[in-house]
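The values are calculated or read from the model by the stated rules, or taken from the named source; none is laboratory data. Values in this document were obtained by computation on a predicted structure and should not be read as measured data. Glycine gets a Cβ as well: all are built from the backbone with ideal geometry, and neighbour counts include every protein chain shown.
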Amino acid sequence: MLDIAEELDRWVGQGRDFAVATVVAVGGSAPRRPGAALAVDAGGTAIG
């Protein structure tokens, strides 16, 4: 999450609407570990 924090701060400053998803658990193999985060704004721009 810290990796995307600076960009999210910019988004907040710009008044963008966005959602953040965080992986909290995985079962078996997964492309990301718990704690990984993804943010997507209303226009579909994604970071993380």
Query - Condition check for G35: in contact with a strand residue (DSSP E or B) (Cβ under 6 Å, 6 or more places away or on another chain), at pLDDT below 95 and not hydrophobic (A, V, I, L, M, F, W, C) - result: no
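Could you tell me which residue of the stretch 17-48 is surrounded by the fewest Cβ atoms within 10 Å (Cβ to Cβ), considering only residues that are in a loop (DSSP other than H, G, I, E, B) and touching a Leu at 6+ places or on another chain (Cβ under 9 Å)? Before the answer, list the steps.
Of all residues in the stretch 17-48, those in a loop (DSSP other than H, G, I, E, B) come to 17, 23-36, 42-45, 48.
Narrowing further to those that are touching a Leu at 6+ places or on another chain (Cβ under 9 Å): 23, 32, 48.
Working: V23: 14, R32: 12, G48: 16.
Among them, the one singled out is R32.
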Report task. Six or more apart or on different chains, Cβ under 7 Å: which pairs go from a residue in the stretch 1-26 that's more than 11 Å from L38 (Cβ to Cβ) to one that's among the aromatic types (F, W, Y)? Could you list them? Result -> W11/F18
Report task. Give me a count of the residues in the stretch 1-16 that are surrounded by 12 or more Cβ atoms within 10 Å (Cβ to Cβ) and part of a helix (DSSP H, G or I). Result -> 4
